[in-house]
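Below is one structure, written out as structure tokens, with a few remarks after it.
The values are calculated or read from the model by the stated rules, or taken from the named source; none is laboratory data. Worth saying up front: this structure is predicted, and the values here are computed from it rather than measured. Because the Cβ atoms are built from the backbone with ideal geometry, glycine has one as well, and the counts that use them run over all protein chains shown. The accessibility values were calculated without ligands, DNA or RNA, using every heavy atom of the protein model including side chains. Shrake-Rupley method; radii C 1.70, N 1.55, O 1.52, S 1.80 Å.
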Amino acid sequence: MEKHSFEMWSPQLRNRRGVDVYLPASYNEGRGRYPVVYLQDGQNLSDPAIAFAGQTWHIDEGLPWLAERGIEPIVVGLHNTGERLAEYSPFPDARHGGGDGDRYARFLIDTVKPRIDGEFRTRKDRDSTVIGGSSMGGLISLYGFFRRPSPFGRALVMSPSIWFGAGEILRQVSRARSTRGKIYLDVGTAEGTQTVKNTRVMNRLLRKKGYRRENLWYIESEGARHSESDWAWRWPQALEFLLRDR
């Protein structure tokens, strides 16, 4: 696995952030093109020195596991900023504020993706483009998947903060047009009764919109908490599901 790190300026948000690009081990062996996974909270992926509470997603272990199963994505980790709540929320919350999520989505779509597609050998189509994250990162990933227009045909949604904005994401998804693609949705049973309940409601909503076993995988991870170390166990299997038949 090869890692490239740089900073990017966002004209939409008027700020700068770190970006890490993880290339598959086979990247330099040929001229093939690869699917791309855009993950929020990118500083939590591999470096304990900068990860939240020193816990990472152990991407250096998960990507080889996926490669053994024939799944080789380019992973783009976008670091969060001091405005994380605002950027990952597509609507405001009465207590926490926020609401810059659409500008953040445009940053991903109009600034980040064109640069990644221009500098690396990517597959640019929707079916090969994943948006993902956990907690608030899961919330903005759900929004990014259903937003129109959207280049993201797959969504990795772990322990999403459905509560933010009094559950407005439920109403937005309910109103959204059903879209072709695949969704992975999960929650840990030790994350709290309300969190589990909210995620179950989202699962039922997605089923009502027509998503079935082939394009929606819902998991309640027994005993799992709301933490990086718990998400680290689940994301590789999630990406295998999302990218298996693209």
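Run down T195, T179 and say which single residue is under 18 Å from G144 (Cβ atoms) and either in a strand (DSSP E or B) or among the polar types (S, T, N, Q) (or both).
Sole residue among the options that is under 18 Å from G144 (Cβ atoms) and either in a strand (DSSP E or B) or among the polar types (S, T, N, Q) (or both): T179.
Could you tell me which numbered condition I183 fails, if it satisfies all but one of (1) farther than 21 Å from G223 by Cβ; (2) open to solvent by 40 Å² or more (accessible area, probe 1.4 Å); (3) in contact with a helix residue (DSSP H, G or I) (Cβ under 9 Å, 6 or more places away or on another chain); (4) not hydroxyl-bearing (S, T, Y)?
Just one mismatch for I183, condition (2).
Take region 123-142 and flag every residue that is crowded, with 24+ Cβ neighbours inside 10 Å and either of a type in the set (D, E) or out of contact with any strand residue (DSSP E or B) (no Cβ under 9 Å at 6 or more places or on another chain) (or both).
First, pick out the residues of region 123-142 that are crowded, with 24+ Cβ neighbours inside 10 Å: 129-134, 136-142.
Scanning region 123-142 gives a single hit, M136.
Give me the residue from region 193-220 that is open to solvent by 30 Å² or more (accessible area, probe 1.4 Å) and among the hydroxyl-bearing types (S, T, Y) and, out of that set, farthest from G137 (Cα to Cα).
Among those residues, the one meeting the criterion is T193.
Restrict the check to region 162-175 and report whether at least one residue is part of a loop (DSSP other than H, G, I, E, B), under 15 Å from the mean Cα position of the chain (by Cα) and within 24 Å of F91 (Cα to Cα).
yes
How many of the residues making up region 64-84 are of a type outside the set (F, W, Y), open to solvent by 10 Å² or more (accessible area, probe 1.4 Å) and either more than 23 Å from P151 (Cα to Cα) or touching a Ser or Thr at 6+ places or on another chain (Cβ under 8 Å) (or both)?
9
Scan region 155-177 and tell me whether some residue there is among the acidic types (D, E) and either more than 15 Å from L205 (Cα to Cα) or open to solvent by less than 30 Å² (accessible area, probe 1.4 Å) (or both).
No, there is no match, as no residue in region 155-177 is among the acidic types (D, E) and either more than 15 Å from L205 (Cα to Cα) or open to solvent by less than 30 Å² (accessible area, probe 1.4 Å) (or both).
Within region 1-41, restricting attention to residues that are without any contact (Cβ under 8 Å) to a residue 40 or more places away in the chain and among the polar types (S, T, N, Q), which residue is most open to solvent (accessible area, probe 1.4 Å)?
The selected residue is N28.
Within region 31-86, which residues are among the charged types (D, E, K, R) and outside any helix (DSSP H, G or I)?
Residues satisfying the conditions are R31, R33, D41, D47, R69, E72, E83.
Sort through F91, F120 and tell me the only one that's more than 17 Å from the chain's Cα centre (by Cα), crowded, with 16+ Cβ neighbours inside 10 Å and more than 24 Å from A238 (Cβ to Cβ).
Of the residues listed, the single one that is more than 17 Å from the chain's Cα centre (by Cα), crowded, with 16+ Cβ neighbours inside 10 Å and more than 24 Å from A238 (Cβ to Cβ) is F91.
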